[in-house]
Amino acid sequence: ADPKGSFFSDPSSQGDGLRSCLVTGNHGSECFFVSGFPGRYTPGPKKSSSTIDSHGRGFYDFSLSIPFPSPLEAEIACRSLDPDPEPRRSGVQRELTVIGNKLVLHWRAEEARFFRASITTFLDYLALVLQTMERFGPPEPH
Amino acid sequence: MPTVLGFEGSANKIGVGIVRDGAVLANPRRTYLTPPGTGFLPGDTARHHRACVLDLLHEALTEAGLDPKNIDCIAFTKGPGMGAPLVSVAVVARTVAQLWNKPLVAVNHCVGHIEMGRLITGAISPTVLYVSGGNTQVISYSEHRYRIFGETIDVAVGNCLDRFARVLKISNDPSPGYNIEQMAKRGQKLVELPYTVKGMDVSFSGILSYIEEAAHRMLAANECTPEDLCFSLQETVFAMLVEITERAMAHCGSQEVLIVGGVGCNMRLQEMMGTMCEERGAKLFATDERFCIDNGAMIAQAGWEMFQSGHKTALSDSGVTQRYRTDEVEVTWRN
C-alpha cells in the first residue's frame, strides 16, 4: 500500500503510518533506536506529524532530540553532521539545532521515500559520530 | 614540523595515514571487496567504511606511536568520489578534529595522488598521468594550478578494466586490474579493438561495449582465450594513454613523467611509458601499490602542503562534493 495514501486518508493511523513507512512497512512496529554510548545515552523523545501547507500539499515531519553529556559534545555532533547537505532534488529539508546539551533534529519532506532515506542515512552517520566520541573522546576543553 | 593525519574513503578503499615532514609514519588501508561479476555500490561501500574507519584510525596512531596530542592537523578527502563513502569518512574527520581541537583541511583527491607521487619519487615538475577507477587525466603544473591537458570524455580507464573483469567474472581480490594484468601476461593473440584518441582526450566506453560483445562471441567460437582479451585490452588502452601523455610532454617541453592512481601500479603500463620516455630522453617516475592505490598518507601529504602554506577549512565549508576538478584547487604551496 502507498504509505503516503494511507497516511493522509486515515487520520487515526497517522502515527503508525509514519512509523511504518520509516522502519519496516508493518503497522504498529516500533520506532528505531539510535545506538550511542551504552548506559550514558538514552534516545530522546520522538515526535512525528503531518502538515498541510497553504497550497494543500502534504508534508512529512519528523523531530528527534538526542541528549549528550554536555553542550560541547552536542555542538561537536551538530558541526560534524551539518556540513553535508541533502541532495537538492530530494526536496528534503533538514534542520539541526543545539539546545543545551541536546541535538535537536527536524526533517520535512513531501515524498515518503526521500523522507525515509534521509532519516535512516542520517542516523547511520549520527551513530558513527557517537562511536567516534566514545572511542576518541572526551573532547579537549576548547 | 607538523604531523598531519589524513582520511581517505572516496571509493572502495579506506585508509588513514600519518605524515610528518615527508616521512610516512603509518598508512593502513582496507578494501571493500565484492564477489566476481559485481561492482561496489555506494551504500554498501559506505557501510564498509563506517565499520572499519575507527579501527583504522586506532591502528594508524598505534603504528606511528603517536597520541592525538602529537597530531597538528586533520586532512580528509572532500572529493571527487562517491557521495556516501565520502560523507562516512568526512564525518569522522570532523568529529576527531573537534574532539582533539585540531584544524581541519579539505583535500582534493586528485591533488593528493599528485603530491604523494611527487613526495615518493622526488620528481620535480613532471607531466602527470593520473589513472584510476574514477579518473583518467593528463596533468601539468603551471601558475599555481594543476592543469588538465587531456582526460577521458566518458568512463575512466580503471572503470573500463573493472567492468571488463566483471564480464569475464575475474576476481576483485586484490583488485580486478591486478588480475587482468596477470592474465594478460599469458595472452598470445592481439584482438583488434577500437583505438579512440580524440585530440588530447581519450574515450573508453566504446572499447568497453565492443569488447563486452566480442568477448562472449569470440570465446564461444574458440577464436581467442580470456587471456588474449586481457592482453589486447591492456595493450590498446595503455597505448592510448602513452600517446596523450607524450603529446602533453611535447606541448610543455617536459622531460619527466609521473604516473599516479590505482592503474598506475600496472607494470605493463609502466613498461610502455618507460619505452616512450627512453625514446624521448625523458625520465619516468612511478610508485608501487602502497602509494599508487588510494591511501590515507596521500591525503595527509597534500594536507601537509596545504597546512604549511596556511590553509584551514572551516567546518561549515567542509561538505563533501562528488565532483571536484583537479584544476579547481589553487596550488599555493608551489612556485
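Computed from the coordinates by the stated procedures, all read-outs in this text should not be read as laboratory data. On a predicted model such as this, the values are computed, not experimentally measured, just so you know. Cβ sites come from the backbone with ideal geometry, for glycine too, and all protein chains shown count toward neighbours.
Annotation: the residues B:M183, A:M133, sorted from fewest to most other C-beta atoms within 10 Å of their own C-beta, follow the order B:M183, A:M133. Show me the GluC sites (Glu not before Pro) within the range B:74-154 that DSSP assigns to loop and that have at most 11 other Cβ atoms within 10 Å of their Cβ. Within the range B:74-154, the qualifying GluC sites (Glu not before Pro) (loop, at most 11 other Cβ atoms within 10 Å) are B:E143. Tell me the angle of helix B:42-64 to the major Cα principal axis of chain B, expressed in degrees between 0 and 90 and rounded to the nearest ten. Taking the Cα atoms of chain B, the angle to B:42-64 is about 60 degrees. Looking at the protein assembly as shown alone, DSSP beta bridges between its own residues are antiparallel in about 70 percent of cases.
For the cross-link pairs B:K78/B:K198; A:K102/B:K312; B:K78/B:K283; B:K78/B:K312; A:K102/B:K69; B:K69/B:K312, which exceed 20 Å when the distance is taken from alpha carbon to alpha carbon? Working shown, then result.
Numbers: B:K78/B:K198 30 Å; A:K102/B:K312 28 Å; B:K78/B:K283 32 Å; B:K78/B:K312 13 Å; A:K102/B:K69 28 Å; B:K69/B:K312 18 Å.
The pairs that break the limit, which is 20 Å between Cα atoms, are B:K78/B:K198; A:K102/B:K312; B:K78/B:K283; A:K102/B:K69.
Helix B:109-121 against the longest principal axis of chain B: what's the angle in degrees, Cα atoms only, rounded to the nearest 10? Computed tilt is about 90 degrees.
Seen against the Cα atoms of chain B and their longest principal axis, helix B:83-99 is set at about 20 degrees.
Projected onto the charge dipole of chain B (+1 at Lys/Arg Cβ, -1 at Asp/Glu Cβ, origin at the Cα centre), which of B:G199, B:V263, B:M183 gives the Cα projection farthest towards the positive end? Value: B:V263. Inter-label distance, B:M200 to A:S70: 5.4 nm, where each label sits 7 Å from its Cα along the C-beta direction. Mean per-residue shielding of peptide B:96-107 is 4, counting Cβ atoms of other chains within 10 Å of each Cβ.
Find how much the distance from B:T321 to B:K185 grows on full extension, using 0.36 nm per residue of separation minus their present alpha carbon separation; answer in nm with one decimal. Display every interim value, and only then the final one.
On the way: separation 136, 0.36 × 136 = 48.96 nm, distance 3.86 nm.
Length difference between fully extended and current span is 45.1 nm.
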